[in-house]
1. From the phi of every residue in the range 115-132, what ³J(HN,Hα) in whole Hz does the Karplus formula 6.51 cos²θ - 1.76 cosθ + 1.60 yield, where θ is phi - 60° and glycine or proline is x?
2. May I ask for the distance between the Cα centers of the range 361-388 and the range 125-139, given as a whole number of Å?
3. Run down the lysines and flag those whose C-alpha is under 17 Å from the C-alpha of Lys397, throwing out any fewer than 8 positions away in its chain.
4. What does the accessible area per residue of the chain come to in Å², with a 1.4 Å probe and no ligands, DNA or RNA counted?
5. Grab the Cα-Cα distance for Ser187 and Met74, subtract it from 0.36 nm times how many residues apart they are, and report the gain in nm with one decimal.
6. Test of understanding: what is the full-extension gain from Asp212 to Glu408, defined as 0.36 nm times their sequence separation minus their Cα-Cα distance?
7. Roll a 1.4 angstrom probe over the protein heavy atoms and tell me the percent of accessible area of the chain that is carbon or sulfur.
8. Nearest 5 percent is fine: what portion of the DSSP beta bridges confined to the chain is antiparallel?
Amino acid sequence: MTMMKRKKAPVWSKRAAAAAALMMTAGGLLAACSDEGGKPSSGAGSEKTVTLTFETSLYAEAPHKKAIDTLISMYNEKNPNVKITVHGADYENFWDKLTTEIIAGTQGDIVQVYPENIATYHSLVDGGAFVNLDSYIKGKDLEKKLVGQELSKVDGSYYAISNYAWGNTGIFYRKSLFEKAGIDPGSVRTLEDFKNAATKLGVDTNGDGKLDQYGFASVVGSHPFVASEWYRLVARPVSGGIFFPDGEAGPYTADRIHVNSEANVWAAAWWQDLMNNPQATPPGTRDKKVGREMFWNGQAAMNMDGPWFIGMTKERDAKLMDDLGLLPQPVVQYKGKDYKPNPHTNPSVAMISKKSKHVEEAWKFLEWMTSPEAQQVIAGSGMIPSNKDYVATDAYKKDNPLAVQFMEFLNDRYAPAVMDPPIPEQGSLSQIIVNTAQDIFVGKKDPKASLDEAAKKMKEALN
């Protein structure tokens, strides 16, 4: 995730086309769609071993690797003739790799993405790259019991199942550092409260005249989160949309591009000021991994993340769990009004490739992942499992108190979630906003001029 889940999506280029051609010539990077022996299997009951490939950006993170490895091991015990291998890359590189593979026809049997990615990747090839799952989902219990399932559609049909986990975002804090600074976590209600607390937490702890502790471990660099942290915390609550108004609603036409709206410009200027505050956020550039390490090492008192960070922290150092606190994203005050945060639920969803020779076997594995026994394993990653019935149990709530807080934020503290536009052009729009955020927050360029230029590029992309 990884803040699961702002997802960089493909931008078509000659270089990508050349890479795709090379991959097709070479026969592809993945033995994605063949069983042992290279012939189609005769079904799950066949004695011949069926090999399924599973592509995901989550596998690069230890808690998710452990959960996915356990899921595969459990499923293989129940289905010894089904072998599942995992392919992936770290979040930052996964999406370009997936683009090239889909164009070349070498993607895995199963591909795990986020709802706003479905239309983009499905549309990369004529006729669509992934299997229509209506016959498996429509009218079944799965349609209503999985968080984010309603988001997994293209033109009214399901192309993914929300069978793993979800999580929106909040502000993790180190309890000991807040206590030492005399800050009551409950007093951090508004965005200005957040900034003031971050500034107060920036201190010289060893008396050498240099700051060595900072308030907030923000992302400042080329990582996609350089944009998403800004618009999740500040811009979308006040503007209703980075790309389009009214909660990123359609029609998705060039004349409705909203990125340079007055509210978004204000939000960019506010965030730029925060990034320039040497006490509030560390100087220099860093990706999300570095920011998380600073938090764990006690160099930063706050970190914006989702429930996946719970599992990551436990994996990093279980003793840190006693010092891990969680706040909801702050209320944003703009032009005399209070705006609730509206981060999206970020479910991980899985698609089945049209290139797969084993669609039925792939579906059976994906459906099994929604079962209570599988969802219990997924809960160990720190994220919130997608099965609503499972997370409503007393046992889950008792074992996952921090994750439950995210559910409470969603119900009591947050406005309705705002998702990225589910359109094929979303990949291009996302890359434009990431580049623009780098210009503003790293390059220190004028927010209005930069967002005006972004609007121009987005209109060109849509036209």
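1. Working through the residues one at a time gives x, 6, 8, 4, 4, 4, 6, 4, 8, 5, 10, 4, x, x, 8, 10, 7, 5 Hz.
2. So the two Cα centres are separated by 21 Å.
3. Straight-line reach from Lys397, under 17 Å: Lys388.
4. Values: 18170 Å² over 463 residues.
Per residue, the chain has an accessible area of 39 Å².
5. Working: separation 113, 0.36 × 113 = 40.68 nm, distance 4.54 nm.
Extra length available between Ser187 and Met74 comes to 36.1 nm.
6. Working: separation 196, 0.36 × 196 = 70.56 nm, distance 3.41 nm.
Gain on stretching Asp212 to Glu408: 67.1 nm.
7. C and S fraction of accessible area: 50 percent.
8. Details: 25 of 36 bridges.
In the chain, approximately 70 percent of DSSP beta bridges are antiparallel ones.
The values are calculated or read from the model by the stated rules, or taken from the named source; none is laboratory data. Predicted model, so just to flag it, every value in this text is computed and none were measured. Don't worry about glycine lacking a Cβ; one is built from the backbone with ideal geometry, like all the others, and counts go over all protein chains shown. Accessible surface is based on the protein model in full, side chains and every heavy atom, while ligands, DNA and RNA are left aside. Shrake-Rupley method; radii C 1.70, N 1.55, O 1.52, S 1.80 Å.
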